[in-house]
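Please read the structure below before turning to the comments.
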Amino acid sequence: MWQYELNKLIAKRPWLFGKWLKPRLIFYPSFFPAYYPMTILHFIFVGKGMKDCPDYVRRYVLAHEYGHIYRLHNLPSYFHYLLLIGVIVGLVSDVNLLAAISFLALIIPAVFLYLKPLKKEFEADDFSVDENEIDVTIDGQQWMTEKTHSQDHPERIARMSRLLKYKDRQN
Ligand SMILES: [Zn+2]
């Protein structure tokens, strides 16, 4: 169900490199935290606690996580891994200059990856608002908030109040 619904999202709104890098869904092994979905490169990782979650939660989480991919938030990660390969190849084949330059350059994608985290979350939530109804996004986020006990987390509060304001304006 998860991958099927993800495929529908991809077909409707393909991301820039979707032709070559098809987003995939991966369930964490059971020893990982159950409720922390995240996206690395074009892979969406979902905890095992999510397997039987309500439909609206699944729709929210999928749209939010795919939203990160669609809005290219993970693009720096590809450069990050390429440079890591550069470091390893440089070290193994004794090309110190390649290893040194790759190592120093690692800072660049790292900075971009951690730039404006809240703005990225807003954009991913907006993707869910576009693809689902506003209520699915609000209720889905509320469910996640309860499961992760993040009611007092400033980022959660900012995201939720933004969604509620959006709903107010719609009514
Ligand atoms: Zn997110």
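Observations, loosely collected:
- Cα-projected label distance for Leu97 with Lys8, points at 7 Å along beta-carbon direction, nm: 5.5
- Modelled this way, with points 7 Å down the Cα-to-C-beta line, the labels at Asp55 and Ala34 are 2.3 nm from one another.
- GNM on the chain, alpha-carbon springs under 10 angstrom: the most fluctuating residue among Gly140, Gly90, Gly18 is Gly90.
- Averaging Cα coordinates gives a centre for the stretch 78-102 and one for the stretch 1-52; these two points are 29 Å apart.
- Here the sum of -39500 (n - 2.57) over DSSP H runs of 4 or more residues, divided by the residues of the chain, equals -20500 deg cm²/dmol at 222 nm, to the nearest 500.
- Protection-proxy order for peptides 101-107, 56-62, each taking the mean of Cβ atoms within 10 Å per residue, highest first: 56-62, 101-107
- Of His153, His42, His68, the one that fluctuates the most in a GNM where the chain has Cα springs shorter than 10 Å: His153
- Relative intensity, log₁₀ I(q)/I(0), of the stretch 38-116 from a Debye sum that treats every alpha carbon as a point, q = 0.16, 0.17, 0.22 Å⁻¹: -0.69, -0.73, -0.93
- The chain: relative contact order as a whole-number percent, Cα under 8 Å and 6+ apart: 21
- For the chain, diffusion coefficient by Stokes-Einstein and Kirkwood Rh (Cα), 25 °C, 0.890 mPa s, µm²/s: 141
- Hull volume per residue, based on the alpha-carbon atoms of the stretch 96-171 and their convex hull, is 121 Å³.
- Once the Cα-Cα distance is subtracted from the 0.36 nm per residue extended length, the Phe17 to Leu115 segment shows a gain of 33.1 nm.
A short reminder: the numbers here are calculations on the coordinates, not readings from a lab. This structure is a prediction, so every number in the text was calculated from the model and none was measured. Please note: Cβ atoms are built from the backbone with ideal geometry, for glycine as well, and neighbour counts cover all protein chains shown.
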